[in-house]
Amino acid sequence: MDTVREIILVKSGGEAAIPEWRRAFAEVVPNLDVRWWDDASVHPDAVRYVLVWQPEPGRIARYRSLRVIFSSGAGVDHITCDPDLPRYLPIVRMASDETIQTVCEYVCLGVLAIQRDLRRMIAAQAACLWEEFEPPRTAFQTRVGIMGLGNIGASSARMLHALGYQVAGWARSPKSLDGVRCFSGVTELDAFLTQTDILVGLLPDTVETRGLLDARRIAMLPRGAGVLNAGRGTLIVMPDLIAALDAGHLSSAFVDVFDPEPLPPDHPAWRHPRITVTSHVAAFASRPARARHVAAALAAYWRGDELPHRYQPERGY
Ligand code: OXD
C-alpha cells in the first residue's frame, strides 16, 4: 500500500462532519488525508479520490489526477447527471452493511404499514376513535413483489420472507434467489405485477426504469394492492399512482423518493390520505460504516483487483 498520504475530498454531511469523517477513516485507512470539499489549500491536481453526495456539475472534471469517485449514497445518479463528468472515471456505489440494513428496515416498515393499514390506525387516533378492525390478510397470504434484485433487493427479500410474506422479485436479467419467485425482463413484468399485492420499488434511475410504473402497469396490480417506492422517484408516474389511489384500485402507497426532490410543498402527495410521504430517508449509514466500505474498495483498488460495487454505465447502475 502507498505510504504517501493521498487526498480524499469529502462532500457529504457538510464541513461540520469532517472531523467525524477523519476519525472514521483514521480507523480503517490511516494513510488517507481527508479534506473538506471546499478546502482552498488543496491543489486540484493533488486530489486522488472524492466521496460525494450531489457534487456541483463541472466540479469533478477539475481534478485531473482523480482516480476513483465514491458515492456517499446507494445511487449514483446524483453524480452521473453532471454533463461534464469525465466518463472514464470509476464510480463506486455505497453498499455499506448499514446502507443495506437500513433500506431493508424501511422496506419492512412500509410493507407492514401497508398490510396492517397503519394510516387507518393513525387516523383513528387523530379522531380519538376506538376503531377495532381486522387486517384483510396476514403476511402469509400477502404476495410482495420487489422490483430490483441487487444487494438491497435480495436482502429485503430475505427479511420479508422471514416475516412470513410470499416474496417474488423482478429484475432486468434473470436471477435466482432462495425462496423468491424470480421474474425478469419487460416480457415478464405484467405477469409479475398481476401476482403482487404489495409492490416494492428498489430500482435505480435509468433510461429503462423511468416511467415504468404508469397507469397501464399500475392497473395490472390486483385491486387493493399497495405500492412502496424506495429506489428512485422516476420509476412511478405520480399522477397515475394518485389516480389509481383515488379510484380505489390501490389501497395505499408508502413513498420515500420523488422526482423532483425535495417534493414541492404544493404536491398533492403531501396531503393525500392514502400516501405516506417520507423525505428520502430509507438509506442511512453512519460515517464509520461508510468509511469502512470506502476502505475495503480502496484496498481492492490498491491491490489491483476489480473495484467492488462499481457503477456500470452500460447497465445504468
Ligand atoms: C440514495 C441514498 O442513493 O439515499 O438514494 O443513499
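When restricted to residues that are in contact with a strand residue (DSSP E or B) (Cβ under 6 Å, 6 or more places away or on another chain) and in a loop (DSSP other than H, G, I, E, B), segment 230-251 contains 1.
Taking the residues in segment 252-299 that are among the small types (G, A, S), part of a loop (DSSP other than H, G, I, E, B) and under 30 Å from L221 (Cα atoms) as candidates, determine which candidate is nearest to the ligand (Cβ to nearest atom). Per the stated criteria, the residue is A283. Set side by side, the residues R315, R271 differ, and just one is surrounded by fewer than 19 Cβ atoms within 10 Å (Cβ to Cβ), within 18 Å of A95 (Cα to Cα) and of a type in the set (K, R), which is R315.
The single residue among L235, L199, L163, L189 that is crowded, with 21+ Cβ neighbours inside 10 Å, in contact with a helix residue (DSSP H, G or I) (Cβ under 9 Å, 6 or more places away or on another chain), of a type outside the set (D, E) and at negative phi turns out to be L199. Residues in segment 122-140 that are without any contact (Cβ under 8 Å) to a residue 24 or more places away in the chain and on the phi < 0 side of the Ramachandran plot: I122, A124, Q125, A126, A127, L129, W130, E131, E132, F133, E134, P135.
Table: residues versus (1) under 22 Å from R93 (Cα atoms); (2) in contact (Cβ under 8 Å) with a residue 12 or more places away in the chain; (3) not hydroxyl-bearing (S, T, Y).
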| site | (1), (2), (3) |
| --- | --- |
| D214 | no, yes, yes |
| G233 | yes, yes, yes |
| D246 | no, no, yes |
| H293 | yes, yes, yes |
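Can you say whether V207 is under 23 Å from L160 (Cβ atoms) and not in a helix (DSSP H, G or I), as far as the supplied structure shows? Judged against the criteria, V207 is not a match. The set of residues from segment 219-229 being in contact with a strand residue (DSSP E or B) (Cβ under 7 Å, 6 or more places away or on another chain) and either on the phi < 0 side of the Ramachandran plot or within 16 Å of the ligand (Cβ to nearest atom) (or both) comprises L221, A225, G226, V227, L228, N229. Tallying residues that are away from the ligand (no atom under 14 Å from the Cβ), closer than 20 Å to R232 by Cβ and among the acidic types (D, E) within segment 76-116 yields 1. Apart from one condition, Y311 fits all of (1) within 16 Å of the ligand (Cβ to nearest atom); (2) within 19 Å of L199 (Cβ to Cβ); (3) hydroxyl-bearing (S, T, Y); the exception is (2).
Residues checked against (1) in contact with a Phe, Trp or Tyr (Cβ under 7 Å, 6 or more places away or on another chain); (2) surrounded by fewer than 14 Cβ atoms within 10 Å (Cβ to Cβ):
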{"residue": "S12", "(1), (2)": "yes, no"}
{"residue": "V34", "(1), (2)": "yes, no"}
{"residue": "D38", "(1), (2)": "no, yes"}
{"residue": "R59", "(1), (2)": "no, no"}
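Sort out which residues of segment 167-196 are touching a residue at least 40 places away in the same chain (Cβ under 8 Å), in a loop (DSSP other than H, G, I, E, B) and within 21 Å of the chain's Cα centre (by Cα), and write them in order of number. Answer for segment 167-196, where residues must be touching a residue at least 40 places away in the same chain (Cβ under 8 Å), in a loop (DSSP other than H, G, I, E, B) and within 21 Å of the chain's Cα centre (by Cα): R172, T196.
Here the condition is being at pLDDT 95 or above, surrounded by fewer than 17 Cβ atoms within 10 Å (Cβ to Cβ), closer than 22 Å to L199 by Cα and β-branched (V, I, T); of V227, V277, it holds for V277 alone.
Hey, among the residues in segment 208-218 that are of a type outside the set (G, A, S) and farther than 25 Å from C104 by Cβ, which one's nearest to the ligand (Cβ to nearest atom)? Only one residue tops the list, namely D214.
All conditions in (1) in contact with a Phe, Trp or Tyr (Cβ under 8 Å, 6 or more places away or on another chain); (2) in a loop (DSSP other than H, G, I, E, B) hold for E314, with the sole exception of (1).
The values are calculated or read from the model by the stated rules, or taken from the named source; none is laboratory data. Everything numeric here is computed off the predicted structure, so don't read it as measured data. Neighbour counts are summed over all protein chains in view; Cβ atoms, including those assigned to glycine, are modelled from backbone coordinates with ideal geometry.
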